[in-house]
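Asks: I'd like to ask some things about the structure below.
The values are calculated or read from the model by the stated rules, or taken from the named source; none is laboratory data. Quick caveat: nothing in here was measured; it's all calculated off a predicted structure. Counting neighbours? That spans all protein chains shown, and the Cβs are built from the backbone with ideal geometry, glycine included.
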Amino acid sequence: MKKPVKLLNELSKPGRRACSLPASDVPEASEKIPEKFARKEDAALPEVSEVDLIRHFTRLSQLNYAVDVGFYPLGSCTMKYNPKVNERLSRLPGFLNLHPYQHKDLAQGALELMYGLKEMLCEITGMDELTLQPAAGAHGEMTGLMVIKAALEHRGEKKRTKIIVPDSAHGTNPASATMAGFEVLVVTSDERGNVDVENLKSLMSDEVAGIMLTNPNTLGLFEERILEIAKIIHDAGGLLYYDGANLNANLGIARPGDMGFDVVHLNLHKTFSTPHGGGGPGSGPIGVKEELAPFLPKPVIVKEGNSYRFDYDRPLSIGKVRSFYGNFNVMVRAYAYIMTMGSEGLRRVAEDAVLNANYLLERVRENFVLPFDRRCKHEFVISGSRQKKENGVTTLDMVKRLIDYGFHPPTVYFPLVVPEAMMVEPNETESIEELDAFSEALNAIAEEARKDPELVKNSPKTTPVTRLDEVTAAKRPVVTWITEEE
Ligand SMILES: *Cc1c(COP(=O)(O)O)cnc(C)c1O
């Protein structure tokens, strides 16, 4: 278990300084700050020595949990360890210092990389054309839906204004559909955790523009009837959108393009070697089938002979969705990752991610409720509803206790269709020892919930602050030093 960290409360002591500057020998300016703006008293800043200052911030930095510190089982997020060599490559001076207005003749290497990445991502997803412009998954979703809208309007089908989204969907799906001007229809899940096909049929009409799906879905389960679903949507004149934020389970094994999807977005900052979290920068490319290619954002990168250029002559394009061409350095990492892994390596990623998730599930299944007892893909969802009912201990209590065992909590209370949900994604980069340690911690907490529920309910014990008001912490974060008077 982690040792509790002791934080000094108030380091400030009157008169202490972290630097000593010689007296100024610069003559005072003749023009002074107008009296009414001039400070009358010294600013209320902390007064500390250099050593106190350095130790304070270093100590704070050590309180951060990170993938480079330990296991981060956040479901639907793919918090995997990424090879450091890809970081180094994205910082090569030729890539790092390139200006977006650099003439194309002097940026052929960068254009070749973008073109190559686009080709490889098309191959991985089974798509025909792809844009690297969107800066995040949700941004890709909105771009993809705008493309769908433009394509349907081009077909002369203006009244297709509805998008179907499953009740297990990631929250960005209905949000993006709404932002792109669609109305959202919710399709329910069946008792195996799949889209309820009968319910889907009942929603179909000539007003449906399409469906947004994740496969494996957010329950970590593969949509067993995906080909049937694709047929139902296509037969009714709609299009299929694939949320490929987490492609870990499919790499080199299954392609959305072969399942019948027309549009797909990827999160390079989950699956393809850019750390996810901390707010970016990210990259959410979208790939499309031939029919939709003319509507992609412009410019599109094209190859002519042995050279590359941006093509702006795209009359049907929805236009630009971002300044310049997207987050280039994220593309460099993805390119380096795919090239170093190779097609065999990528397939291994998927196999190991799925194996790790199933191994972990087997190790904890006895102590938790399994809403859907099936083989999972890269992640699984269990429920703390038994502990809540029998011991009055919630999922939130149990994952807070995990912090005392030195682990970052998994995603909780999502997907919404599972009460007291815990969504765990171990991913391919964790060792069997780490998975064992994590499952032992979860099982120990289930035991504690039975024997000593108060212990679990009052956790964590080892952090400087225990339970935060998470809503206030997110909406009104206090990240600066505040004097007592305030
Ligand atoms: C992460 C995620 C998204 C959104 O990606 P952002 O880059 O955070 O906008 C969308 N769908 C699923 C399934 C995800 O896991």
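Asks: Take the stretch 165-185 and flag every residue that is within 16 Å of the ligand (Cβ to nearest atom) and not small (Gly, Ala, Ser).
Replies: Val165, Pro166, Asp167, His170, Thr172, Asn173, Pro174, Thr178, Met179, Val184, listed by residue number.
Asks: In the stretch 126-140, how many residues are more than 15 Å from the ligand (Cβ to nearest atom) and buried (at least 21 other Cβ atoms within 10 Å of the Cβ)? Quick ask: steps written out before the conclusion?
Replies: First, the residues of the stretch 126-140 that are more than 15 Å from the ligand (Cβ to nearest atom): 126-131.
Subsequent filtering for residues that are buried (at least 21 other Cβ atoms within 10 Å of the Cβ) retains 127, 130-131.
Residues meeting the conditions: 3.
Asks: Output yes when any residue across the stretch 58-70 is on the phi < 0 side of the Ramachandran plot, exposed (fewer than 13 other Cβ atoms within 10 Å of the Cβ), in contact (Cβ under 8 Å) with a residue 60 or more places away in the chain and of a type in the set (A, V, I, L, M), and no when none is.
Replies: Scanning the stretch 58-70, I find at least one residue that is on the phi < 0 side of the Ramachandran plot, exposed (fewer than 13 other Cβ atoms within 10 Å of the Cβ), in contact (Cβ under 8 Å) with a residue 60 or more places away in the chain and of a type in the set (A, V, I, L, M), so the answer is yes.
Asks: Can you name the residue in the stretch 121-157 that is without any contact (Cβ under 8 Å) to a residue 60 or more places away in the chain and acidic (Asp, Glu) and is also farthest from Gly252 (Cα to Cα) among such residues?
Replies: Restricting to residues being without any contact (Cβ under 8 Å) to a residue 60 or more places away in the chain and acidic (Asp, Glu), the top hit is Glu153.
Asks: Here is a further query. Given the condition under 23 Å from Gly75 (Cβ atoms), within 20 Å of the chain's Cα centre (by Cα) and either modelled with pLDDT under 95 or not in a helix (DSSP H, G or I) (or both), answer yes or no: does some residue in the stretch 380-390 qualify?
Replies: yes
Asks: When the residues of the stretch 141-161 are narrowed to those that are surrounded by fewer than 19 Cβ atoms within 10 Å (Cβ to Cβ) and of a type outside the set (A, V, I, L, M), which ends up nearest to the ligand (Cβ to nearest atom)?
Replies: Thr161
Asks: Considering only the stretch 310-348, state which residues are among the aliphatic types (A, V, I, L, M) and more than 22 Å from Ala136 (Cβ to Cβ).
Replies: Matches in the stretch 310-348: Leu316, Met339, Met341, Leu346.
Asks: Ok, one more. Can you pull out every residue in the stretch 216-228 that is of a type outside the set (Lys, Arg), in contact with a helix residue (DSSP H, G or I) (Cβ under 8 Å, 6 or more places away or on another chain) and surrounded by fewer than 24 Cβ atoms within 10 Å (Cβ to Cβ)? Break it down stepwise before answering.
Replies: First pass over the stretch 216-228, keeping only residues of a type outside the set (Lys, Arg): 216-224, 226-228.
Among the residues that remain, those that are also in contact with a helix residue (DSSP H, G or I) (Cβ under 8 Å, 6 or more places away or on another chain) are: 220, 223, 226-228.
Those that are of a type outside the set (Lys, Arg), in contact with a helix residue (DSSP H, G or I) (Cβ under 8 Å, 6 or more places away or on another chain) and surrounded by fewer than 24 Cβ atoms within 10 Å (Cβ to Cβ): Glu223, Ile226, Leu227, Glu228.
Asks: Does Val186 fit the bill of being touching a Lys or Arg at 6+ places or on another chain (Cβ under 8 Å) and farther than 26 Å from Leu296 by Cβ?
Replies: Working: touching a Lys or Arg at 6+ places or on another chain (Cβ under 8 Å): no; farther than 26 Å from Leu296 by Cβ: yes.
So Val186 fails the test.
Asks: Taking the condition of being basic (Lys, Arg) and either out of contact with any Asp or Glu (no Cβ under 8 Å at 6 or more places or on another chain) or not in a helix (DSSP H, G or I) (or both), how many residues in the stretch 398-449 meet it?
Replies: Result for the stretch 398-449: 1.
Asks: Given the conditions (1) surrounded by fewer than 19 Cβ atoms within 10 Å (Cβ to Cβ); (2) more than 25 Å from Asp452 (Cα to Cα), and given that Ala353 satisfies all but one, which numbered condition is not satisfied?
Replies: Here Ala353 meets the rest and fails (1).
Asks: For Met259, all conditions in the list (1) at pLDDT 95 or above; (2) within 28 Å of Val424 (Cβ to Cβ); (3) surrounded by fewer than 18 Cβ atoms within 10 Å (Cβ to Cβ) hold save one; what is the number of the exception?
Replies: (3)
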